[in-house]
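Engineer: Here it is, the structure, as structure tokens.
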Amino acid sequence: MLLTGCTSDNRPIVYNGEYISKENVTSATIEQLDSLIESCDFIPLETGDSSLLSNIIDIQCYDDKFFVTSSVVGFMPEILVFDNRGKYLNRIGRPGRGPGEYLGLQTWYVDPYSQEAVIVDQAKRKVFRYGLDGQYIPDTETDMDSTLNNAKRLCPADSNTVIACYGINPIRRDLLATYPANLKKQKPYRKTRLTWHGNSSYSSNPVGRDGDAYHVMLPLSDTILRYRNGTWEPCYVITYFNEGKSYKPGKKETDFEEIRQRAAERNFRYIRGLVENDRYILFEYLGGSILWDKQAKRGTYVADGYNAERLNGFPFIPHTACYGADDYFVSVMTPSSFRDNAETICKNNGRQSDELQRIAAKISENDNPVLIVYHLKRQSR
């Protein structure tokens, strides 16, 4: 489908993309959602003196391991590593002022190409690299590039390219950029001044992977960009909430000023984050999400919150920290919520009732959260 937008001087621009609208997005039903799920794994994360978690704010998965970022009031966020059964393995680095220790965990990523975990430390203004066993790699520390100041998410696109997503800041003008693997010499995609209005910040997930391409959201926008082989292009325009009044990306900063003004006036709801696996993208909004089937080019609206009758007994809540890859999504449930809803979860997942009852009987409200892995049914392309 060809979509047409206008720049501030009214010259049309044309680009390839797809509308996600009320014409191809339906409300969730028990049958529809149940038909997507092959199975669910419930993984209590091991609780111990070295592995105590509070509020999980980010999850990344690599090599059958969960890399979990947790924040505790009064303490610095840390990255803890668990295996696929929830057993605690190690932490990545350690907060502190000594060599190889970080003071401010601004953003981080697992680099599958170099087999390293990379941490950007704004407090020390350094970039640290660690082995996946958590050990600091000597002589790899570098000075932080000043353009990384407001970066909220870094994502390795290939062995030589890292995508950077920035938060909304009235001073800095960065929105999206790429860097080489050493995180030097920023190549910006778009710059402008955007100020924060209401709930306009990112969730923890502004980037999703689609084969050799990446889908990336812009702040205060309903347009999703695709990055592939060094090129950015609009891919999806979401009009489901906006009565067809969609933002079309142009070349002038006034386009973004219009977005800012419309957001301030509450004239449309903009995407807050996305989670993606091989077949689906989960677009996150305040109050609900759109589960988009990339093959069928149709979507299902799923409300936020745990509602067993409507959502078939599973909590699809991406903003609680979620990750997607291959055929699965990963989400988080607090131990108290898991215990409170265990009976209903068991009722709606009969094949796993014994397992769930066993987990619910052992877990306490002071334990670590439970990871929920939703395996989706694979369908032929």
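The values are calculated or read from the model by the stated rules, or taken from the named source; none is laboratory data. What you see is a predicted model, and the numbers here were worked out from it, not measured in a lab. Neighbour counts are summed over all protein chains in view; Cβ atoms, including those assigned to glycine, are modelled from backbone coordinates with ideal geometry. Ligands, DNA and RNA are stripped out before the accessible areas are found, and what is left, the full protein with its side chains, is counted by its heavy atoms. Shrake-Rupley method; radii C 1.70, N 1.55, O 1.52, S 1.80 Å.
Engineer: One residue is enough: does the stretch 331-339 have a residue meeting the conditions at pLDDT 75 or above, open to solvent by 10 Å² or more (accessible area, probe 1.4 Å) and closer than 18 Å to Asp210 by Cβ?
Structural biologist: Looking for residues that are at pLDDT 75 or above, open to solvent by 10 Å² or more (accessible area, probe 1.4 Å) and closer than 18 Å to Asp210 by Cβ, one finds none in the stretch 331-339, hence no.
Engineer: Check Glu78, Glu38 and return the single one that is open to solvent by 10 Å² or more (accessible area, probe 1.4 Å), in contact with a His (Cβ under 9 Å, 6 or more places away or on another chain) and among the acidic types (Asp, Glu).
Structural biologist: Within the list Glu78, Glu38, the selection yields Glu38.
Engineer: Given the stretch 81-198, what strands (runs of 3 or more DSSP E) lie entirely inside it while holding 3 or more residues that are at pLDDT below 95?
Structural biologist: 105-111, 151-158, 161-166, 174-179, 187-191
Engineer: Another question, then. Which condition breaks for Thr161 when tested against (1) buried (at least 17 other Cβ atoms within 10 Å of the Cβ); (2) within 18 Å of Cys61 (Cα to Cα)?
Structural biologist: The number of the failed condition is (2).
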